[in-house]
Structure formats: structure tokens, C-alpha cells
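Trainee: Please read through the structure below; I'll follow up with questions.
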Amino acid sequence: MQLKTILNSVTDYKSFVFGKIWTERETPDQQYVVVEIKPRKNSKGICPECDKPCPTYDTAQEHRWWEFVPLWAIPVYFVYRMRRVDCPEHGVVTEKVPWSDGKHTQTVEQRQFLANWARRLSWSEVAECFGTTFGKVYRAVQWIVDWGLKHRDLEGVESLGVDEIQIHQGQNYATLVYQLDDENKRLLGIEKERTEAALEAFFEKFDEGTEGEDKRSKKIKWVCSDMWKPYLKVIGRVCTKALNILDRFHVKGHLTDAVNETRKEDVRKLKEEGREPVLTKSKYIFLKNPENLTDDQTEKLSVLMGYNLRVIRAYLMKEDFERFWEYKSAYWAGRFLDDWCVRAMRSKIEPMKKFVKLVRKHRELLMNWFKSKGLSSGAVEGFNNKVKLTMRKGYGFRTFEALETVLYHTLGKLPEPKFTHRFW
Ligand SMILES: [Zn+2]
């Protein structure tokens, strides 16, 4: 069997044929395969503007080179002499060829191949494994993401989750919006910052092509978010038919922060009063869920319980708050919440009092939780973890655009162009 036969079976370039195939060597142990492509006899070139076959105007003297999918770790190149066609409508233009789009030196097959591996390996690993550069892997992913965004279906979205992440260490944030419907959970949008303008920018894109009451944002029934004011404002203004729910995950985040603040104050106080520094290395004991503690941490926690520390009281209040979510009846949940708030206020622990103020201010939104039966509470948290994991994996991206690309690629469930053969 010849390589040509295989190439014919994995591609479908209708009006082109494979010509000569040969190998060249750059150095003694670095060879590559060159595949010549020629137009099929009597076939016409295609105008890239109108997709119509047009008479040939002229043919380039030099071959153009494209990277194809490597074979047995040997790079494979396609070479072809591009024609210019004379389109009655669009004038003299360079023809459109099925293995390439635009001026790129990568075939579409190679891009999809690299992009799919980039879901499993880091971008630099993909470059290394398949003998190409980081930049080419990046552009491959970008290409498939752009294609996916252009072709994705945004109809039927009923539930949204809004979250923010901190990027690049500093005070840089990004706003992330997810679809949380049972049948489709995916990342829908990423915007710089966590401002009103950021979320508005998302909805503008989301609503593109729809008008008035037919806008996609008007068909949203549920929005899950944090108590972050800029988000609440935009959600109230744009998703007029939706119920805004405060996400359990975010509420817990605020409460955990309050416990952590209390711990820091206690550490300071113990030091000031010259007492035994019992809270050393206790940070994560108070941040983790009790069921995730190691044996040592559980032991340490039970010892700390014996001390009269404010952080211990705050911690117990935090654990107690979990009961709120378990209620079946909104009425009793409300009673519990109000009681809990009174107790927290009486504790005179400042960070806890601050949390109570936040909860009281958003009581109505918090109670909406009980109307949102079925809306998965763990979804936003799950996405948040995946985003952090993706960022940690170190894809080597430094710009916001690269982060955007990698997140859409891993979490966007984007459609992909169809090919004759699956190369990965
Ligand atoms: Zn044309």
C-alpha cells in the first residue's frame, strides 16, 4: 500500500489529486515527508468570496508549504502551487483550497489534530510531542475555538451561573458565565474585570441577533451568582424574567473568609497577650470541610476546641450554617436563618457580624434558593475548580486572550468542523 492511498482515504479534496511524494533530510537524523498536490485535470479554482469555480488567471511559480499531521513522528508537508482565479464578480483573487484557510502555514487537519491533543496535554508538551512550536499549537487552539464560537448554538439556555476568578496573582479579575442546564453545562462567556460593564458585555454578545422580548437574556429563568453588587444590578436589569439565586458555594466562601479573618485576629491577640501560640499552622483546618481533614488536622481541631477562642466559635457557627441549605420548607429555613443571624450578632465577633449584615441585606435572594429546585448547586463550584486547575496546569499563557482561548477550549463544549478522518 502506498502513502498516497492512505492520504486519499483520510482526505476528500475533490478537485485536487496527490502527485509525487518524497522525503527530504534537513540533517542525517531529521527527515520529513513532502507531498505534492496538483489540481485535478480540467478542474477550476474556487473563488474564496463566492465559492464558485472560476477560470485560472495564473499559477504561482513557487510551491507553498503547509504542515500536515505528522506520520510516525516524521513531519509531513503539503506543497502546492497556488492559482489565482478570475472571478466575474470578485476579480483576480487567490483560489480557496480545502486543506488551508487564509495565509496560514498549517493545514486545517494539523490544527484540529494539535488542538485536540491540547485538551489532554499542556501546549508546550503538544509542541514537543508533535515536532512543532508553542505558537503553532496556540494558533491551532485559537482557530478551533473561533470556529466553535461562530458555530455554537445559544438557543434554549435557561439557567446561568456567574462567577469571578482572580487572574495573574494580582488584583486582576475575570467574569465567567456558565450555562447550568441539566442537559448542557458549559462555559458561555469570559470578560475582563468583575464590573457591571463586564457582565453587560457578556449579555450583549449573548443576545446578538435577537431583539426585544425575543432576546436570549429574556428567556433566562435562573441566574446563580454571588452577592457581588455589580453582578446583581446587571442581572436584575437584563434578565428580567429570571430568579436570581445566591449560590451556596459563594455564600460559604464569604463565611469561610469571615472565619479566616477571625483566626487572624485571634493569632494577633494571642501574641499581644504573650499566650501560647496554639493557632500556629491551623489555617487550613478552618478552611476545609470537616470531612476533608487529615487525621492530624482532626486531632488538632479537637484540641483547639478545648480553648476558649473566638475562631472556634466562628467555626462552629459556620458549620451550623450548613443546616440552612438542608431545609425542605422555605419558612423554616427563614426562621433558622434569622435565629442564626441573631446568635452571630451576639457573638460580638466582627467578621461574623459583617457576614450577618451581608446576609440580611440579601435575605430575599438567599431565600430564592428554595424556589430553585433542581438547579444544581455544585455546578458553579465544579467549574470554578476546573478553571483554577486549568490555570495552574501552566499552559504558558501570559495574556488574557490566551486564557480566554484555553478556557473556552477546555470548558466551552464548542462544536468542531467535521473532517473525513479523525486524526487524533
Ligand atoms: Zn467570486
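Trainee: Rounding to the nearest 10 and keeping the result within 0 to 90°, find how far the Cα-based axis of helix 378-392 lies from the longest principal axis of the chain.
Mentor: For helix 378-392, the angle is close to 60 degrees.
Trainee: Okay, moving on. Taking each pair of different alpha-carbon atoms in the stretch 193-341 once, compute 1/r for the pair, average those values, and report the inverse of that mean as the Kirkwood hydrodynamic radius in Å to one decimal.
Mentor: Values: mean 1/r = 0.0539 Å⁻¹.
Here the Kirkwood hydrodynamic radius works out to 18.6 Å.
Trainee: Run the reach check for K215 against aspartates and glutamates, Cα to Cα strictly under 13 Å, same-chain hits fewer than 8 apart removed. What comes back?
Mentor: K215 reaches E155, E158, E204, D207.
Trainee: Helix-only estimate, please: 222 nm mean residue ellipticity of the chain, summing -39500 (n - 2.57) across DSSP H runs of length 4 or more and dividing by its residues, to the nearest 500. Before the final figure, lay out the partial values.
Mentor: On the way: 16 runs with 181 residues, N = 424.
It lands at -13000 deg cm²/dmol.
Trainee: Quick one: angle between helix 134-151 and the longest Cα principal axis of the chain, in degrees between 0 and 90, rounded to 10, please.
Mentor: Tilt of helix 134-151: around 80 degrees.
Trainee: Give me the lysines in straight-line cross-link reach of K96: C-alpha distance below 22 Å, same-chain residues under 8 apart excluded.
Mentor: Within reach: K14, K20, K38, K41, K44, K52, K136, K150, K418.
Trainee: While we're looking at this one, here's another question. Please work out whether the stretch 172-245 counts as rounded, prolate or oblate from its C-alpha gyration tensor, where a ≥ b ≥ c are the square roots of the eigenvalues and a/c under 1.5 means rounded, while otherwise a/b larger than b/c means prolate and anything else oblate? The partial results should precede the final answer.
Mentor: Values: a/c = 1.32, a/b = 1.25, b/c = 1.06.
It is rounded, given that a/c, with a ≥ b ≥ c, falls under 1.5.
Trainee: Accessible area per residue for the stretch 279-424 in Å², computed with a 1.4 Å probe and the full protein assembly in place, what is it? Could you put the intermediate results ahead of the total?
Mentor: Working: 8340 Å² over 146 residues.
Computed with neighbouring chains in place, this is 57 Å² per residue.
Trainee: Follow-up. Run the numbers for R152 and R422: contour at 0.36 nm per residue of separation, minus the present Cα-Cα distance, in nm.
Mentor: Working: separation 270, 0.36 × 270 = 97.20 nm, distance 2.05 nm.
Taking R152 through R422 to full extension adds about 95.1 nm, to one decimal.
Trainee: A further question on this structure: Sorted by packing (mean other beta-carbon atoms within 10 Å per residue), highest first, where do 253-266, 352-365 land? Could you put the intermediate results ahead of the total?
Mentor: Details: 253-266: 19.0, 352-365: 16.9.
Ranked from most to least packed, the peptides come out as 253-266, 352-365.
Trainee: On to the next question. Under 28 Å Cα to Cα from K271, which lysines show up? Leave out anything in the same chain fewer than 8 places away.
Mentor: K281, K283, K288, K300, K318, K348, K353, K354
Trainee: Just how much of R216 is accessible, in Å², when a 1.4 Å probe is used and the result is rounded to the nearest 10?
Mentor: Around 40 Å² of this residue is reachable by solvent.
Trainee: Right, something else. Which whole-angstrom value gives the distance between the alpha carbon centres of the stretch 274-288 and the stretch 68-122?
Mentor: 59
Trainee: So with the 1.4 Å probe, I'd like the accessible area per residue for the stretch 127-211, rounded to whole Å². Mind dumping the intermediate values first?
Mentor: Working: 4080 Å² over 85 residues.
That works out to 48 Å² for each residue.
Trainee: Shifting gears a bit: Measure of size requested: the Rg and Dmax of the chain, with Cα atoms as the atom set and Å as the unit; please supply both.
Mentor: Answer for the chain, Rg first and Dmax second: 29.1, 94 Å.
Trainee: Two decimals, Cα atoms only, Kirkwood Rh: what is Rg/Rh over the stretch 12-58? Mind showing how you got there, number by number?
Mentor: Numbers: Rg = 15.5 Å, Rh = 13.1 Å.
A ratio of 1.19.
Trainee: Pairs of alpha-carbon atoms within less than 8 angstrom and 6+ residues apart define the contacts here; what relative contact order does the chain have, in percent?
Mentor: Working: 595 pairs, mean separation 58.7, N = 424.
After rounding, I find 14 percent.
The values are calculated or read from the model by the stated rules, or taken from the named source; none is laboratory data. Just so we're clear, the structure is a prediction, and the values are computed from it rather than from any experiment. Counting neighbours? That spans all protein chains shown, and the Cβs are built from the backbone with ideal geometry, glycine included. Heavy atoms of the whole protein, side chains included, go into the accessibility calculation; ligands, DNA and RNA do not. Shrake-Rupley method; radii C 1.70, N 1.55, O 1.52, S 1.80 Å.
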